1. Return the distance in nm (one decimal) between the two label points of a simple spin-label model at Asn83 and Thr48, each offset 7 Å from Cα along Cα→Cβ.
2. With a cut-off of 8 Å between alpha carbons and a minimum separation of six or more residues, what is the relative contact order of the chain in percent?
3. About the Cα centre of region 32-167, what is the dipole size in debye to 20, counting +1 per Lys and Arg Cβ and -1 per Asp and Glu Cβ, all else neutral?
4. Find, among the trypsin sites (Lys or Arg not before Pro) in region 84-167, those assigned to loop by DSSP (not H, G, I, E, B) with at most 11 other beta-carbon atoms within 10 angstrom.
5. Enumerate the amide H contacts of Tyr103 below 5 Å, restricted to partners 5 or more residues apart or on another chain; note that Pro and chain-start residues carry no placed amide H.
6. Sum up the charges of everything whose Cβ sits under 13 Å from the Cβ of Tyr38, counting Lys and Arg as +1 and Asp and Glu as -1, but leave Tyr38 out.
7. Can you tell me the length gained on complete extension of the stretch Thr125 to Asp145, counting 0.36 nm per residue apart and subtracting the Cα distance?
8. Accessible area per residue of region 34-137 at 1.4 Å probe, in Å²?
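The values are calculated or read from the model by the stated rules, or taken from the named source; none is laboratory data. Just so we're clear, the structure is a prediction, and the values are computed from it rather than from any experiment. Ideal geometry is used to build each Cβ from the backbone, glycine not excepted, and the neighbour counts take in all protein chains shown. SASA here: full protein model, heavy atoms, side chains in, ligands and nucleic acids out. Shrake-Rupley method; radii C 1.70, N 1.55, O 1.52, S 1.80 Å.
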Amino acid sequence: MKRALLIALPLVLLLAACQREAGPDPLKLTGKMFVFNYRLAYATYMVTLEQTEPLPEGSIVKAEFENPAGGAPLTLERKIFPNLTRVVLESPDVTCVKKNQPYKVAISVLGPDGDTLQALETQVTSNIDQSILPEKALVVGPAYDKNPEVFKDGKAPAHFETAKCAV
């Protein structure tokens, strides 16, 4: 019995030494919402993360946002800078956002070698519907000039057309 224990103990210690130590997650979710830009007539997801543990140089964060219009998820990849404590992820423009409908967001933190350092999932729910947005941008260009397609002869229309879901 003692002999079996003497053989098994080093084997157990060797196997334990091979395991990677799992410390606290390097990023913590600090905010999530939909951003509706009324002037430019678009909506996006915005997720913020705080760096709580140092990450190796060359780490990246990948995000997959559920597409409210259906189809493949919208993807985003960002480099993580060690000196910046906050990571802000803003999706490509989205359409068909519905009020009180939860939408899935999956985030992966990858080290420089491509290994997953952290994975997290969350949901983002809007308290308004995308139909509050105008159908076309109200302004154009760097000076935010009135959009001539909306403001005919420089005058505001009696009724602004609102965004519609094309699905």
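1. 2.1
2. On the way: 328 pairs, mean separation 35.1, N = 167.
Value for the chain: 21 percent.
3. Working: 14 positive and 17 negative charges, 116 e Å.
Approximately 560 debye in magnitude.
4. Details: sites: Arg86, Lys98, Lys99, Lys104, Lys136, Lys146, Lys152, Lys155, Lys164; in loops: Lys98, Lys136, Lys155, Lys164.
Filter output for region 84-167: Lys155.
5. Val124, Thr125
6. Details: positive: Arg39, Lys136; negative: Glu135.
Combined, the nearby Lys, Arg, Asp and Glu give +1.
7. Values: separation 20, 0.36 × 20 = 7.20 nm, distance 3.22 nm.
Full extension of this stretch gives 4.0 nm more.
8. Numbers: 5510 Å² over 104 residues.
Value for region 34-137: 53 Å² per residue.
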